[in-house]
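Enquirer: First, the structure itself, so that you have it in front of you.
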Amino acid sequence: MPASVDNASQNSAPFVDQRPDGPGVSKIDPSDPAAPMYRLLAKMRSPVTLRDLMIHPVRTGYIGQEQPLAAAELPKSAAELYPKIGVSEVAVSSPAGRIRCQVFSPPASKPGGGPRPMMLYLHGGGFTLGQSQDTAYITSRIAAENAMVVVSANYRLAPEWPFPACLDDCLAVLRWMQKDGATLGGDGTRIAVGGDSAGGNLAAALVIKARDEGGSPPQAAVLLAPITDFFFEQHESFERLAPLGIVYDTAFIGFIRGAYLVQGKNWAHPHASPARADLRNYPPTFIATGTADPLVDDNRAFTQKLRAAGGRKVEHFIREGMPHGFYFFPGIFEQGDEAFAAIATFLKQAGAA
C-alpha cells in the first residue's frame with residue numbers, strides 16, 4: 001500500500017504512535033500456569049511489568065512534562081523565536097496506519113520561486129519516548145536558516161513497538177515526501193534526513209534501509225549525536241562517561257537497547273547499527289557531538305568508516321566539554337549556535353539547501 005496523506009484533523013483513525021496494540025505489550029493469559037503469580041504481582045505493583053514500571057516515570061517526566069516550569073524559567077519557544085515559520089500537520093498513510101507529521105515551512109522567498117528543498121526530521125528520545133513538538137526549536141531553526149520545508153515524523157515507540165516498526169514509519173514518510181512533497185511546496189528530489197540521538201540513529205539507518213529496499217535514499221544526512229553502533233561498550237568514551245551521565249547513563253541506554261532491539265541478534269543488524277552496514281555511496285553526512293557525550297567515540301568511528309568507504313563529504317563537528325544535546329535549547333551555549341551555522345554551510349555545500 002503506497003504512502004499517502006490525509007487531513008490530520010478530520011480523520012478519527014488513531015495515529016501509529018498512539019496505537020496500544022503493539023507486539024511489545026505484555027499480557028497475562030488466564031490459561032497460563034504462571035497466571036496466579038502474575039495476578040498477585042499486579043496487586044503488589046503497578047504497572048505490573050518492570051519494563052513498563054521503569055519507562056513510566058521517564059515518559060511522564062521527559063522535558064518537564066510532569067511538573068511544567070514557569071515561563072520565565074524556560075528558553076523562548078520556537079514560535080517566539082521563529083514567528084515566520086508556518087507549522088501545520090499532515091497524516092501520512094502507511095500499512096501500519098496514519099503517521100502524524102508536523103510540517104515547518106519557511107515563507108516563500110518570492111512569488112513563483114519554485115519548490116524548496118526538504119528535510120525529514122526524526123526526534124530523539126531513546127526510541128521509547130518523545131514527539132515532534134519536543135524538537136520544534138531544532139526543526140524551526142533548520143527551516144528558517146536553510147529555507148527548507150522540514151517534516152518531523154511521530155513514529156511508533158518501543159517497547160510497545162520494537163525494531164523495525166519506527167524505521168518502517170520513517171521510510172513511509174520519506175517515500176511520501178519523494179512522491180508528493182510538492183503538496184508542501186517541496187522538491188521531492190532534494191530531501192535530506194536529520195535527527196538527534198535515537199532520531200540520529202534512525203536517520204543514519206534510513207539511508208541504508210531506503211537503499212536496501214530498492215528506493216532512493218536521502219541526498220544528505222544531518223546526525224546530531226546519533227547512536228551508530230549498538231555495541232557501544234566498545235568505545236572508551238562510553239565506558240568513561242556513561243556510568244554517571246546526566247542526560248543519559250549506562251542504565252538507561254542499556255534499557256533502550258533491550259526495549260528497541262529485544263534480541264541480541266538485532267544489535268548488529270545494519271538497519272539498527274548503521275556503522276556495521278555497507279557504507280559505500282553513502283550521501284554527504286554531517287555529525288555533531290560534544291566531547292562530554294558518551295557517544296563521541298562512536299561518532300568518531302562512524303565518521304572514519306564513512307570516509308574509508310569513500311564518503312563524498314563527511315564532517316564531524318565536535319565541541320569541547322559539550323554534553324549530549326548541547327544544540328537542543330536556544331540561548332544556552334554559543335556552541336549550539338555554531339552547530340546550526342555549520343549545518344547550514346554543510347547543506348549548502350552538499351547541494352541539499
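The values are calculated or read from the model by the stated rules, or taken from the named source; none is laboratory data. Since this is a predicted model, take the numbers as computed values, not measurements. Here the Cβ is made from the backbone with ideal geometry for all residues, glycine too, and neighbour counts use every protein chain on show. Note: areas computed on protein heavy atoms with side chains; ligands, DNA, RNA excluded. Shrake-Rupley method; radii C 1.70, N 1.55, O 1.52, S 1.80 Å.
Enquirer: Of everything in region 253-276 that's part of a helix (DSSP H, G or I) and over 17 Å from GLY200 (Cα atoms), which residue is most open to solvent (accessible area, probe 1.4 Å)? Please lay out each step first, then the result.
Expert: So the first thing to find is which residues in region 253-276 are part of a helix (DSSP H, G or I), and the list is 253-261, 264-266, 274-276.
If we keep only those that are over 17 Å from GLY200 (Cα atoms) as well, we get 254-255, 258-259, 264-266.
On the way: GLY254: 31, PHE255: 39, GLY258: 42, ALA259: 7, GLY264: 50, LYS265: 156, ASN266: 26 Å².
Across region 253-276, the extreme among qualifying residues is LYS265.
Enquirer: Take the residues in region 67-82 that are in a loop (DSSP other than H, G, I, E, B) and exposed (fewer than 11 other Cβ atoms within 10 Å of the Cβ); name whichever of them is modelled with the highest pLDDT. Before the answer, list the steps.
Expert: So the first thing to find is which residues in region 67-82 are in a loop (DSSP other than H, G, I, E, B), and the list is 67-70, 74-77, 82.
With exposed (fewer than 11 other Cβ atoms within 10 Å of the Cβ) added as a condition, the list becomes 67-70.
Details: GLN67: 67, PRO68: 68, LEU69: 72, ALA70: 76.
Only one residue fits best here, namely ALA70.
Enquirer: Collect the residues in region 304-324 that are in contact with a strand residue (DSSP E or B) (Cβ under 9 Å, 6 or more places away or on another chain), open to solvent by less than 40 Å² (accessible area, probe 1.4 Å) and more than 14 Å from THR291 (Cβ to Cβ), keeping them in residue-number order.
Expert: Passing the criteria: LEU306, GLY311, VAL314.
Enquirer: Moving on to the next point. Would you please name the residue that is nearest to ALA182 (Cα to Cα), looking only at residues in region 144-155 that are open to solvent by less than 20 Å² (accessible area, probe 1.4 Å) and in a loop (DSSP other than H, G, I, E, B)?
Expert: Looking at residues that are open to solvent by less than 20 Å² (accessible area, probe 1.4 Å) and in a loop (DSSP other than H, G, I, E, B), I get MET148.
Enquirer: Moving to a separate point now. Among the candidates ALA158, ALA210, ALA205, which residue alone is free of Cβ contacts under 8 Å to residues at least 40 places away in the same chain, open to solvent by less than 20 Å² (accessible area, probe 1.4 Å) and touching a helix residue (DSSP H, G or I) at 6+ places or on another chain (Cβ under 7 Å)? Spell out the reasoning first.
Expert: Details: ALA158 fails: free of Cβ contacts under 8 Å to residues at least 40 places away in the same chain; ALA205 fails: free of Cβ contacts under 8 Å to residues at least 40 places away in the same chain.
The unique qualifying residue is ALA210.
Enquirer: Give the residues of region 166-201 that are more than 18 Å from GLY113 (Cα to Cα), in a helix (DSSP H, G or I), open to solvent by 10 Å² or more (accessible area, probe 1.4 Å) and not charged (D, E, K, R), sorted by residue number.
Expert: Across region 166-201, the qualifying residues are LEU171, ALA172, GLN178.
Enquirer: Looking at HIS324, HIS316, which one is under 18 Å from the mean Cα position of the chain (by Cα) and within 30 Å of PRO162 (Cα to Cα)? Explain how you work it out, then say what you get.
Expert: Working: HIS316 fails: under 18 Å from the mean Cα position of the chain (by Cα).
Answer to the check: HIS324.
Enquirer: Also, I was wondering about something else. Please go through (1) outside any helix (DSSP H, G or I); (2) open to solvent by 10 Å² or more (accessible area, probe 1.4 Å) for THR289 and return the number of the only condition it doesn't satisfy.
Expert: (2)
Enquirer: Answer with yes or no whether PRO294 is out of contact with any Asp or Glu (no Cβ under 7 Å at 6 or more places or on another chain), under 22 Å from SER216 (Cα atoms) and not hydrophobic (A, V, I, L, M, F, W, C). Full working, then the answer.
Expert: On the way: out of contact with any Asp or Glu (no Cβ under 7 Å at 6 or more places or on another chain): yes; under 22 Å from SER216 (Cα atoms): no; not hydrophobic (A, V, I, L, M, F, W, C): yes.
Considered against the rule, which asks whether it is out of contact with any Asp or Glu (no Cβ under 7 Å at 6 or more places or on another chain), under 22 Å from SER216 (Cα atoms) and not hydrophobic (A, V, I, L, M, F, W, C), PRO294 comes out as no.
Enquirer: Given the conditions (1) surrounded by fewer than 15 Cβ atoms within 10 Å (Cβ to Cβ); (2) in a helix (DSSP H, G or I), and given that SER88 satisfies all but one, which numbered condition is not satisfied?
Expert: The single condition SER88 does not satisfy is (2).
Enquirer: Kindly indicate which of ALA147, ALA153 is of a type in the set (A, V, I, L, M, F, W, C), out of contact with any helix residue (DSSP H, G or I) (no Cβ under 9 Å at 6 or more places or on another chain) and under 22 Å from TYR82 (Cα atoms). So that I can check it myself, show each step before the final result.
Expert: Working: ALA153 fails: out of contact with any helix residue (DSSP H, G or I) (no Cβ under 9 Å at 6 or more places or on another chain).
Exactly one residue qualifies, and that residue is ALA147.
Enquirer: For region 1-26, enumerate the residues that are at pLDDT below 90, open to solvent by 80 Å² or more (accessible area, probe 1.4 Å) and not acidic (Asp, Glu).
Expert: MET1, PRO2, SER9, GLN10, SER12, PRO20
Enquirer: Starting from region 1-23, keep only residues that are within 26 Å of THR128 (Cβ to Cβ), then list their pairs with residues that are surrounded by fewer than 16 Cβ atoms within 10 Å (Cβ to Cβ) and modelled with pLDDT of 75 or more whose Cβ atoms are within a distance under 8 Å, requiring at least 6 positions of separation or different chains.
Expert: ALA3/LYS179; ALA8/GLU89
Enquirer: Which of the residues that make up region 103-143 are open to solvent by less than 20 Å² (accessible area, probe 1.4 Å) and among the polar types (S, T, N, Q)?
Expert: Scanning region 103-143 gives THR128, SER132, THR135, THR139, SER140.
Enquirer: Can you tell me which residues in region 213-241 are among the acidic types (Asp, Glu) and either outside any loop (DSSP other than H, G, I, E, B) or open to solvent by less than 10 Å² (accessible area, probe 1.4 Å) (or both)? Can you show your working first?
Expert: Going through region 213-241, the residues among the acidic types (Asp, Glu) turn out to be 213, 229, 233, 236, 239.
The answer is ASP229, GLU233, GLU236, GLU239.
Enquirer: Here's a follow-up. Please go through region 27-51 and pick out each residue that is assigned to a helix (DSSP H, G or I) and either free of Cβ contacts under 8 Å to residues at least 40 places away in the same chain or small (Gly, Ala, Ser) (or both).
Expert: Start the filter on region 27-51 by keeping residues that are assigned to a helix (DSSP H, G or I), which leaves 35-44, 50-51.
Matches in region 27-51: ALA35, PRO36, MET37, TYR38, ARG39, LEU40, LEU41, ALA42, LYS43, MET44, LEU50.
Enquirer: Would you point out the residue of region 325-351, among those that are part of a loop (DSSP other than H, G, I, E, B) and touching a helix residue (DSSP H, G or I) at 6+ places or on another chain (Cβ under 8 Å), that is surrounded by the most Cβ atoms within 10 Å (Cβ to Cβ)? Give the derivation first.
Expert: Within region 325-351, the first condition is being part of a loop (DSSP other than H, G, I, E, B), and the residues that meet it are 325-333, 350-351.
Those left that are additionally touching a helix residue (DSSP H, G or I) at 6+ places or on another chain (Cβ under 8 Å): 326-330.
Numbers: PHE326: 23, TYR327: 25, PHE328: 22, PHE329: 15, PRO330: 20.
That would be TYR327.
Enquirer: So PRO283 passes all but one of these: (1) in contact with a helix residue (DSSP H, G or I) (Cβ under 8 Å, 6 or more places away or on another chain); (2) open to solvent by less than 40 Å² (accessible area, probe 1.4 Å); (3) not in a loop (DSSP other than H, G, I, E, B). Which condition number does it fail?
Expert: The number of the failed condition is (3).
Enquirer: Looking only at region 209-249, count how many residues are within 20 Å of the chain's Cα centre (by Cα), of a type in the set (Ser, Thr, Tyr) and under 21 Å from PHE302 (Cβ atoms).
Expert: Residues meeting the conditions: 2.
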